Amino acid sequence: MIHLLFIVALVLCFLPLLPGMIGLLLPSISWIPTLGFDGVSLTALHAVATWPNLTVSIALSLLTGLGSTVLALFFTYIILRRYWETARWLNLERTLSPMLAMPHVAFAIGFALLFAPTGWFFRLLDSLGLSELAGIGLIQDSYGIGLMLALAIKETPFLLIMSIPILKQLNVGQLCAVSASLGYCHSEAWRKVILPQWLPKLRLSLFAVAAYGLSVVDVALILGPTRPPTLSILVWQWFNDPELHQLPRAAAGACLLLITTAASLGFIRSVEWACLRLQRGWMTKGPRATKHSKRMPHRHLALYSPFIAIPALIVPLLIVWSFAQRWRFPDLLPTRYSARFWQQELPTLAELMGTGLLLALVSSTVALLLVIACLEYRQKYRRGLPVWLVAIPLVTPQLSLLFGIQIVTYMIPGQHYWLWVCWSHLIFVFPYMYLALDGAWRSYDTRLDQCSRSLGLTAWQTWWRVKRPQVQPAIIFGLAIGISVSLAQYLPTQMLGAGRISTLTTEAVALASGQDRRVMAIYGLLQGVLPFVFFSLAIVANRLSYRWRHYRQYSLQTLYSSNKSKEYTHG
């Protein structure tokens, strides 16, 4: 059974990547027989190369993608260096999961309402008498500064969460103590001792952040520059061209996006190698002669405050906008409120939420079964999925990957759009759930299986009664991650569904391009609340499960003690 599920996982989640790449490369050289392109031609590549302002679009993608990655990495390092293993770190760690649960589209809509020229931030500045700053806009600015900052703020909690198991494995406290005994100050110990060990282990997460920033479409449609747009938006516009004979140009653009992303990831790896290898002499030179670091004051504004304050402001701002009827600039709050827009959108919202939840539950449940099967297969046969294979859907631009897969689905007769969309969600949900459950399976002591089998339990009874209680919290939390990832999918739903399947995410992106702000706030609010509900349910389920196991164990012990007491009393 495990063999069968392992093969099914390979066929469903990774085998489509190969025809997906072929389906991307062949149309880029104008070979699409169904559209009458029977011969190989470089016309599409020439059309892309001569497109006006193409270099500007590539430069904007590099600026926003690499810039946000560098900023997120810098913020992560600064926060970790300052607060790791302190009392404030415990407070920060509790807030990371809610910040991470907010989808990118909901965050982008809230960010737009907060920092638009008539947004809440500039209303506050105007009330403080700083109206001359109101002309500075961060939404759809020509340099992509707002997009870069939004991506950096959204990705920093992700890098912080990914750093927690790495730093625990490194035993930072012991490293700092040894470094201090050798004369290193706190900041020097982090720069010369911890950073060279932390950064290589964070490489995969950093690649995922960079690839997303370089190829993002939904957030760039809301916050990014428009004239010219980033490269991913330009390719998306080519892809949506109603003239099907322009499809080779879109394929060539998707190839260019893939090459740009791959080159950027190679550049990041080269910079990391240069910093860690070529600077080895500086790292091993020893502590500086003058190392009098300034003592931090006891009361100061926490460095992580913007990463908590901005997401925390977004939810109440969306709530206020969703009920606002009249809100003139520069008033801080609306002068009139109304629930008319909620009543107007409620039937549509119910249908969209139902479609999105059904897709999320089906794709996440299938992905959970396949992930558990792959992890059990690895533990049993000492062979599993390599990390680079699992990472391909995370570090490959969705637009390039889905384009090839969509071309392949055109060759299959029938209009199975719901099935294709669910399958595409499964491809992107599987890696996240695999990484979420991988740590629990690696930390499980397999000697417990041997003990339980020696006591007469079968393989299934061993898994259910011994292993399941230990990995159950990771399973529940992984399922919540899978559902939130599926609910946030925009490109897979649009491309594989051919525009026939709509979810809350697709409608939120469509409405964010210039519709009524009150309707936009309703869709953004619900899009952000749904994953939070599932994360909350996961936390509650884990706590109830722990209490139930504790209560049951206590009851059994009490019953056993009572029986022993009766036996002793009756001789």
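The values are calculated or read from the model by the stated rules, or taken from the named source; none is laboratory data. The structure displayed is predicted, hence computed values, not measured ones. Using ideal geometry, Cβ is built from the backbone for each residue, glycine included, and neighbour counts are taken over all protein chains shown. When the accessible area is computed, the model is the full protein with side chains, heavy atoms only, and any ligands, DNA or RNA have been set aside. Shrake-Rupley method; radii C 1.70, N 1.55, O 1.52, S 1.80 Å.
Overview of values
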| item | result |
| --- | --- |
| List GLU507, GLU188, ordered by accessible area with a 1.4 Å probe, largest first | GLU507, GLU188 |
| Whole-number percent relative contact order across the stretch 1-132, with pairs defined as alpha carbons under 8 Å at least 6 apart | 7 percent |
| Expected 222 nm ellipticity per residue - DSSP helices of 4 or more, -39500 (n - 2.57), all of the chain, to 500 | -23500 deg cm²/dmol |
| Portion, in percent, of the accessible area of the stretch 87-192 that falls on carbon or sulfur, probe 1.4 Å | 66 percent |
| Computed label-point distance, nm, for sites ALA47 and TRP418 using a 7 Å Cα→Cβ extension | 3.5 nm |
| Other-chain or far-sequence residues with amide H under 5 Å of PHE37's (modelled H) | ILE32 |
| Normalised contact order of the chain, rounded percent, pairs of Cα under 8 Å and 6 or more residues apart | 23 percent |
| Simple spin-label estimate for PHE329 and GLN470 in nanometres, 7 Å along Cα-Cβ | 6.0 nm |
| Calculated from backbone phi, Karplus (6.51, -1.76, 1.60) coupling profile of the stretch 327-343 in Hz, x at Gly/Pro | 9, 8, 7, x, 4, 6, 9, x, 8, 9, 10, 7, 9, 4, 6, 5, 5 |
| Residues with amide H under 5 Å from that of GLY137, placed H, sequence gap 5 or more | none |
| Residues with amide H under 5 Å from that of ALA324, placed H, sequence gap 5 or more | SER338 |
| Lys pairs under 15 Å by Cα in the chain, provided they are eight or more residues apart or on distinct chains | 4 |
| Cα gyration tensor shape for the stretch 1-151, rounded if a/c is under 1.5, else prolate or oblate | oblate |
| Check: the chain dipole with +1 on Lys, Arg Cβ and -1 on Asp, Glu Cβ, in debye | 2500 debye |
| Rounded if a/c under 1.5, otherwise prolate or oblate - the stretch 101-161, Cα gyration tensor axes | prolate |
| Top positive-direction residue, dipole computed over the chain with Cβ charges, set GLN325, LEU124, GLY36 | LEU124 |
| The stretch 1-107 - accessible surface per residue (Å², probe 1.4 Å) | 49 Å² |
| Environment charge of LEU526, counting only residues whose C-beta is closer than 11 Å and scoring Lys/Arg +1, Asp/Glu -1 | -2 |
| Label of the coordinate-derived value, Kirkwood radius over Cα pairs in Å, listed as (1) 26.3; (2) 24.9; (3) 24.3 | (1) |
| Carbon and sulfur %, accessible surface of the stretch 373-523 computed with the full protein complex present, 1.4 Å | 58 percent |
| Dipole-positive endmost among LEU402, LEU214, CYS374 within the chain (Cβ charges, Cα centre) | CYS374 |
